[in-house]
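A short worksheet on the structure shown next.
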Amino acid sequence: MLLLLQMAHLLISMAEDFLDKKIKNKITSLYQQLLSKYGVPYASGQWQLWCKRPKSEKEKEVIIIESILTQRANWKNVQIAVKHLEEKNLLSLQSIVEAEYQIIENLIRPSGFYRQKTKRLKDLANFFVYEIGGIKGTKQIKTPLLREKLLSIDGVGKETADDILLYALERPVFVIDEYTKRFVKMHNLSSKFSYDFLQRIFENSIKKDYKIYEDYHALIVIEMKEKQKKS
């Protein structure tokens, strides 16, 4: 009886390994397909900056600011808000710290939830400027701890924290958003859709390289937006 149970567990383990390998190969293959279809995602829009390499410290700060503005907002409205901030020289973490709440609220109004987002911008900017010594200060902090610190800030969830880690701080952390979940569902990559589970699938399937993670996630968003237009 014990031998039969051991054999059953072994067969289940072998089947899971086979499925894992199959999914990993499919995820790798899909990346190559998207790359062939769209090319590297630097041409325009959000990805022109977010997938740019290398990025200056100022550009990284812009991405951190945009990571808050893009919450529950379309990119067109985010860009209007960003332009307003830029016109008033408020497109840096230090300037966000120093600016009055009402000024920021008025400038970012097009992105929606402007009061909530102003507080989040202030909290995030204060964290970077005063708690960890800016972008340069992050280099001394390992990714898991830095992620934990970001998640402790009110209004910074897993997606926003990982946007910052990947696109601004160049850490190999795969971002999971609604587009990624739809992509997974469309290609039958998983029947589970929790953030952590899907993140593990992608990170275990692709080389741990922030450049690949940036491009792959961006290409998924581009692909799913194209599908949305056609539906």
Just grab the label-to-label distance for residue 25 and residue 49, each label 7 Å out from Cα along the Cβ direction, in nm (one decimal). 4.2
Rounded, prolate or oblate: which fits the stretch 172-231 when a ≥ b ≥ c are the square roots of the eigenvalues of the alpha-carbon gyration tensor, with rounded for a/c under 1.5 and prolate only if a/b beats b/c? oblate
So if we plug the beta-carbon distance of residue 208 and residue 101 into 1/(1 + (r/R0)^6) with R0 = 35 Å, what FRET efficiency do we get, rounded to 0.05? 0.30
If you line up the Cα atoms of the stretch 56-168 on their principal axes, what length do they span on each, largest first, in Å? 35, 25, 24
Can I get the semi-axes of the chain's equivalent ellipsoid? Compute them from the C-alpha gyration tensor as square roots of 5 times the eigenvalues, in angstrom, largest first. 37, 21, 16
Could you sort out which of 26/227; 26/229; 21/211; 119/227; 60/158; 76/185 sit more than 29 Å apart by Cα distance in this structure? 119/227
Residue 188/residue 113 FRET efficiency (R0 35 Å; Cβ-Cβ; nearest 0.05): 0.50
Separation of the residue 37 and residue 178 label points, Cα + 7 Å toward Cβ, nm: 2.0
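A short reminder: the numbers here are calculations on the coordinates, not readings from a lab. All figures in this text were calculated on a predicted structure; none of them were measured in a lab. Heads up, the Cβs are rebuilt from the backbone with ideal geometry, glycines too, and the neighbour counts pull from every protein chain shown.
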